[in-house]
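Structure, as structure tokens:
The values are calculated or read from the model by the stated rules, or taken from the named source; none is laboratory data. Remember, it's a predicted structure, so these values are computed and weren't measured experimentally. Every residue, glycine among them, receives a Cβ derived from its backbone with ideal geometry; neighbour counts consider all protein chains shown. The accessibility values were calculated without ligands, DNA or RNA, using every heavy atom of the protein model including side chains. Shrake-Rupley method; radii C 1.70, N 1.55, O 1.52, S 1.80 Å.
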Amino acid sequence: MSTLAHTMMTTARSADAGLAGPGELDRYPYAEAHGADRVVAPAWDSADQDLARVGRRAAGSRGRGLHGQLVQQLGQMIVSGDLGADRPLVPEEIGQRFEVSRTVVRESLRVLEAKGLVSARPNVGTRVRPVSDWNLLDPDIIEWRAFGPQRDDQRRELSELRWTIEPLAARLAAGHGREEIQQRLADMVEIMRHALGQGDSITFARADAEFHSLLIQVAGNRMLEHLSGIVSAALHVSGGPVTGCDRPTEASLAHHARIVDGLASGDGAAAEAAMRQLLTVHPEVERVVPAPREH
């Protein structure tokens with residue numbers, strides 16, 4: 001096993017034990033730790049009790065401080081449907097009920113407006129926008145959908161997106177002779193092999209995530225690379241391991257290895273076929289996109 005593979009496996013285990021040093025975990029999409037200063041909405045006595053149902057799950061905000069936490073909580077409430085389309089949002093009311101300043105409310109609503117969740121118009125005020133206006137590729141919205149009533153739809157849509165982009169990425173990656181990246185991909189396969197033998201699903205999932213991220217990066221397509229970041233973040237919060245492979249298996253490992261072999265030999269068709277087989281192995285994807293029929 002290479003030095004990189006050994007280091008990654010050691011880091012993963014140290015992280016689980018709480019022993020990782022500063023900066024060691026930055027490469028992996030771990031959930032943020034809970035903040036002691038999390039915004040907590042007081043009990044509201046008005047008739048608008050739906051606006052009082054805050055935080056369907058315990059999680060730190062993607063942002064920092066009161067501003068980031070208010071964005072997180074209002075965003076979750078909109079995406080979950082607690083605040084329905086065309087619902088007016090009165091800044092003064094929000095500030096009073098969340099006990100935050102007008103500046104915090106104003107900046108938070110601007111962030112939500114940029115994500116397509118709300119709109120602010122003169123003489124109309126700020127209102128929740130319909131789902132058709134949301135930026136569904138925004139990482140925050142993906143996260144909020146993944147923990148709300150739309151969870152199943154989110155997983156299905158992400159599986160379909162993977163089926164669309166990853167086989168193409170595998171084919172394109174075979175045409176780029178970046179030996180250092182191919183070595184790192186091989187390292188990830190070795191880590192997965194060792195983790196599978198040890199029954200270490202966490203390390204397997206992290207190496208799997210690194211594998212798919214590297215593969216799309218080496219494809220040489222900037223737009224695919226952009227989608228890689230979105231899909232990686234989304235699958236991390238979708239309820240299963242980062243890449244969506246719920247149960248690491250020998251078959252999954254073999255398909256990863258065949259992808260690496262296809263890249264090493266410059267055989268794009270073989271790499272693409274192995275990726276399609278890998279995605280079909282996963283039952284979630286198999287229900288969405290049936291395996292191609294044999295002719």
Based on the mean of other beta carbon atoms within 10 Å per residue, what is the order of 116-127, 196-207, 269-280, 72-83, most packed first?
72-83, 269-280, 196-207, 116-127
How long is the gain from D152 to D261 if the chain were fully straight, where each residue apart is worth 0.36 nm and the alpha carbon distance is subtracted?
35.8 nm
Could you sort the peptides 129-139, 251-261 by per-residue average Cβ neighbour count (10 Å cutoff), highest mean leading?
251-261, 129-139
Can you tell me which of 209-216, 169-176, 147-154 comes out highest on packing, and rank the rest after it, using the mean Cβ neighbours within 10 Å?
209-216, 169-176, 147-154
Could you calculate the contour length gain from S101 to A251, that is, 0.36 nm times the residue separation minus the distance between their Cα atoms, to one decimal place in nm?
48.5 nm
Rounded to the nearest whole Å², what accessible area per residue is found for region 81-180 with the 1.4 Å probe?
52
Carbon and sulfur: what percent of region 101-178's accessible surface (1.4 Å probe)?
50
